[in-house]
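Here the structure is laid out as structure tokens; the discussion comes afterwards.
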Amino acid sequence: MFGSFEGIIGELRDKVGAPYDAFPAEMMKYGKAGVSGWGTLCGALNGAAAAIYLVSDPKAGDGMIDELFTWYGAEGLPDYHPESPKFDIEPSVAQSPLCHISVTTWCETTGFKALSPERAERCAWLTASVVRHTAELLNATTEGTVIAMPALSAEVSGCLACHGKGGPIENVHASKATSCAICHEPHAIPPR
């Protein structure tokens, strides 16, 4: 979280100055490993979303966050490669913005352990990928491009027909996802 927030706001601090030079970026360190090791929201996304909201109006910020999270869940990441890498890091598709799922999916894809130095390097590369994409979104918005919520997949739309607002079950608060099946077992749709 600190890495992505600082990667964006640190550039603004250096190039723009106030008010970015007064923000205590160190407070973002709580977001490490999905918020102090809880494996919840990916810290890179959490820091990027905080930076987006700090520099954008909420409506534009929501669109950028929606696009960022959808991209993160659907893209083979990391897509950043340093000039002199410590390891050869293979990408994976997380299908979720959650740290736990993102790391587990990467471990299953690559065979590396969650506490390995390769996983730590992967998360550093992933942070760079998220910062780059966030900067692209911020720049596009500054140039007048409106970033809208990407369309939900047929899978997610189908799940929300029952589990979402107005559905017969209506037991899901979240209405944005890349995949439901990454966490939940698919099940037959009961006849109506």
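You can think of it this way: the chain between Glu75 and Ser36 has 11.5 nm of extra reach, that is 0.36 nm per residue less the Cα-Cα gap. Among the chymotrypsin sites (Phe, Trp or Tyr not before Pro) in the stretch 3-69, those located in a DSSP loop and surrounded by at most 15 other Cβ atoms within 10 Å of their own Cβ are Trp38. Computed from Cα positions, the angle between helix 154-163 and the longest principal axis of the chain comes to roughly 70 degrees. Global size of the chain: 17.8, 60 Å for Rg and Dmax (C-alpha atoms, Rg to one decimal, Dmax whole).
Overall, the accessible surface of the chain at a probe of 1.4 angstrom is composed of carbon and sulfur to the extent of 59 percent. In whole percent, what relative contact order does the stretch 7-83 give with Cα contacts below 8 Å and a gap of six or more residues? Averaging sequence separation for qualifying contacts and normalising by length gives 17 percent for the stretch 7-83. Just to be sure I follow the definition: excluding the sites themselves, where is the longest run in the chain that has none of the GluC sites (Glu not before Pro) in a DSSP loop with at most 12 other Cβ atoms within 10 Å? Counting only loop sites that pass the neighbour cut-off, the longest clear stretch is 1-82. May I ask you to list the chymotrypsin sites (Phe, Trp or Tyr not before Pro) in the stretch 78-107 that are in a DSSP loop and have at most 15 other Cβ atoms within 10 Å of their Cβ? Answer in residue order: Phe87. Computed from Cα positions, the angle between helix 58-74 and the longest principal axis of the chain comes to roughly 70 degrees.
In the stretch 63-104, whose amide N lies under 16 Å from the spot 7 Å out along Cα-to-Cβ of Ala148? List them in ranges. Of the residues in the stretch 63-104, 63-68 have backbone N under 16 Å from the label point off Ala148. Bridging of Lys113 to aspartates and glutamates at a Cα separation below 15 Å is possible for Asp88, Glu90, Glu121, once same-chain residues fewer than 8 apart are set aside.
If R0 is 45 Å, the Cβ-Cβ spacing of Glu185 and Met27 corresponds to a FRET efficiency of close to 0.70. Short-range pairs are left out: with C-alpha atoms under 8 Å and at least six residues apart, the relative contact order of the chain is 20 percent.
Once the 1.4 Å probe is applied to the protein heavy atoms, the chain comes out at 57 Å² accessible per residue.
Only DSSP H runs of four or more residues enter the estimate; each adds -39500 (n - 2.57), and after division by the residues of the chain the mean residue ellipticity at 222 nm equals -16000 deg cm²/dmol. In this simple spin-label model, placing a label point 7 Å from the Cα along the Cα-to-Cβ direction at both Thr109 and Lys59 gives a separation of 3.6 nm.
The values are calculated or read from the model by the stated rules, or taken from the named source; none is laboratory data. All values derive from a computational prediction rather than experimental measurement. Cβ sites come from the backbone with ideal geometry, for glycine too, and all protein chains shown count toward neighbours. Side chains are part of the model used for accessible areas, which takes the heavy atoms of the whole protein and leaves out ligands, DNA and RNA. Shrake-Rupley method; radii C 1.70, N 1.55, O 1.52, S 1.80 Å.
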